[in-house]
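Engineer: Mind having a look at this structure? Questions to follow.
Rule-based calculations on the coordinates, nothing more; no lab input. Owing to the predicted nature of the structure, the values given are computational and were not obtained by experimental measurement. Don't worry about glycine lacking a Cβ; one is built from the backbone with ideal geometry, like all the others, and counts go over all protein chains shown.
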Ligand SMILES: NC(=O)c1ccc[n+]([C@@H]2O[C@H](COP(=O)([O-])OP(=O)(O)OC[C@H]3O[C@@H](n4cnc5c(N)ncnc54)[C@H](O)[C@@H]3O)[C@@H](O)[C@H]2O)c1
């Protein structure tokens, strides 16, 4: 196989991001597009000369697809992954892959049972500076870790309602939690507190405005994540700060870093198109039948999902410790 036949479920905002990549990747062939909103499915189909659908079951039954991209809102994962796996498709699922851990474990197990390639939309793992930063941290005695992320409200209708998005941490700051896991390993317990009421006057808005979570890592490191969504302009996608016995590292989610070791300062900025590389890695993994090419397989992403769902459970229960 040198071209991957792809179907999309969900043709909204993030699908447009993938579509831009598909147009650049000769190995990608978008042959079917599905959205509950017919105009969206049709516009995407016209763009690629694909077949439009409004019901994903019909698309999966009628089309011969190698891979399916699932780009629906977090509350809309109603079995589409399981059906696609059953039909023999490889899967790219956008984060957060669902709001139900039971469902996530079922998808993980079905992927393993059928030996399908998977990827999740944690494209920040492909930022080219991240492995260097990880290499600097590895083997060091890490003393203190924190990350701050403050943004605004995404304008999609579902984002403001917790039952659809999962809340700010689950939908948005999940990227920062995922990078924390990538850099520091597994988290064994979380506890956090959140507040509401900073944002006002937004219809149906019921997510947390701001939160701080303490994480205990298996390595013994203790870290914190402070985040919110009350700043209309936002302040980037998050700044990480690590203090080790050797020095200090600052890293932003976009990949710029600064290491200070005594009088030595090392700085770097990424130059790669990491979103494109994330899609290309998934397609290469299918062509070469090598799951190892994907930085964020579904099974690994489940652990990040479990972490943010655990953090949110802790807020909801008034700051209790949640063991993962
Ligand atoms: N990786 C990233 O950086 C990133 C960025 C933005 C969004 N996302 C994630 O992508 C997902 C989608 O977000 P979005 O901004 O594209 O939302 P969106 O509302 O713009 O698009 C979602 C689309 O899915 C369609 N849909 C829902 N259920 C469907 C179904 N059963 N069958 C067919 N179509 C269906 C909707 O009609 C809609 O067009 C979310 O989980 C979000 O968190 C990830």
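Engineer: Roughly how tilted is helix 13-24, in degrees to the nearest 10 and between 0 and 90, from the longest Cα axis of the chain?
Structural biologist: It is inclined by approximately 70 degrees.
Engineer: Please list the equivalent ellipsoid semi-axes of the stretch 147-300, computed as the square roots of five times the alpha-carbon gyration tensor eigenvalues, in descending order and whole angstrom.
Structural biologist: 27, 23, 17
Engineer: Mind checking the full-extension length gain between residue 102 and residue 36? Use 0.36 nm per residue of separation minus the Cα-Cα distance, one decimal, nm.
Structural biologist: In short, 21.3 nm is gained.
Engineer: With everything on Cα atoms, drop me the angle between helix 38-48 and the longest principal axis of the chain, reported from 0 to 90° to the nearest 10.
Structural biologist: Roughly 90 degrees between the two axes.
Engineer: Bins of 20 Å, beginning at zero and ending with the bin holding the largest distance: percent of Cα pairs per bin for the chain, please.
Structural biologist: Using 20 Å bins, I get a P(r) of 31, 58, 11, 0 for the chain.
Engineer: I would also like to ask the following. I'm a student and want to see the number: the projected area of the Cα convex hull of the stretch 1-41, averaged over all directions, in nm².
Structural biologist: The directionally averaged projection comes out at 2.8 nm².
Engineer: Given the options 263, 36, 27, which has the most mean-square fluctuation in a GNM of the chain, springs set between C-alpha atoms less than 10 angstrom apart?
Structural biologist: 263
Engineer: Given points 7 Å out from each Cα along the Cα-Cβ axis, report the residue 256 to residue 231 separation in nanometres with one decimal.
Structural biologist: Distance between the two pseudo-spin positions: 1.3 nm.
Engineer: Quick one: if the Förster radius is 35 Å, what FRET efficiency do residue 86 and residue 222 give, using the C-beta to C-beta distance and rounding to 0.05?
Structural biologist: 0.25
Engineer: Can you give the calculated 222 nm mean residue ellipticity of the chain, where each DSSP H run of n ≥ 4 adds -39,500 (n - 2.57) and the sum is split over every residue, rounded to the nearest 500 deg cm²/dmol?
Structural biologist: -10000 deg cm²/dmol
Engineer: Also, quick follow-up: Where does helix 298-316 land angle-wise versus the long Cα axis of the chain, in degrees 0 to 90, nearest 10?
Structural biologist: 60
Engineer: Quick one: 182, 53, 69, fewest Cβ neighbours within 10 Å first, how do they rank?
Structural biologist: 182, 53, 69
Engineer: Give me D for the stretch 1-116 in µm² s⁻¹, whole number, from Stokes-Einstein with Rh from the Kirkwood sum over alpha-carbon pairs, 37 °C and 0.692 mPa s.
Structural biologist: So the translational diffusion coefficient is about 233 µm²/s.
Engineer: Quick one, can you get me the convex hull of the C-alpha atoms of the stretch 186-269 expressed as volume per residue in Å³?
Structural biologist: Hull volume over Cα atoms, normalised by residue count, gives 130 Å³.
Engineer: A further question follows. Taking N as the number of residues in the stretch 92-199, what is its Cα Rg relative to 2.2 N^0.38 Å?
Structural biologist: Compared with the compact-globule rule of thumb, the stretch 92-199 sits at 1.25.
Engineer: If each residue of separation counts as 0.36 nm, what is the full-extension length gain between residue 269 and residue 289 once their alpha-carbon separation is subtracted?
Structural biologist: Roughly 4.0 nm would be gained on extension.
Engineer: Give the relative contact order (percent, whole number) for the chain; include only Cα pairs under 8 Å separated by 6+ residues.
Structural biologist: Relative contact order of the chain: 19 percent.
Engineer: So if each residue of separation counts as 0.36 nm, and I subtract the Cα-Cα distance between residue 241 and residue 138, what length gain in nm does that give?
Structural biologist: The span from residue 241 to residue 138 would gain 35.6 nm if fully extended.
Engineer: Starting from the coordinates of the alpha-carbon atoms of the stretch 134-193, obtain the Kirkwood hydrodynamic radius over all distinct pairs and give the value in Å to one decimal.
Structural biologist: 13.8
Engineer: A follow-up question, please. If you split all Cα-Cα distances of the stretch 54-127 into 5 Å bins from zero, what percentages do you get per bin, shortest first?
Structural biologist: Reading the bins upward from 0: 3, 16, 28, 27, 17, 7, 2, 0.
Engineer: So, one more: Rank-order 268-275, 296-303 by packing density, defined as the average count of other C-beta atoms within 10 Å over each peptide's residues, highest first.
Structural biologist: Highest mean packing first, the order is 296-303, 268-275.
Engineer: Report the rotationally averaged projected area of the stretch 227-324 based on its alpha-carbon convex hull, in square nanometres.
Structural biologist: The Cα convex hull of the stretch 227-324, projected and averaged over all directions, gives 10.1 nm².
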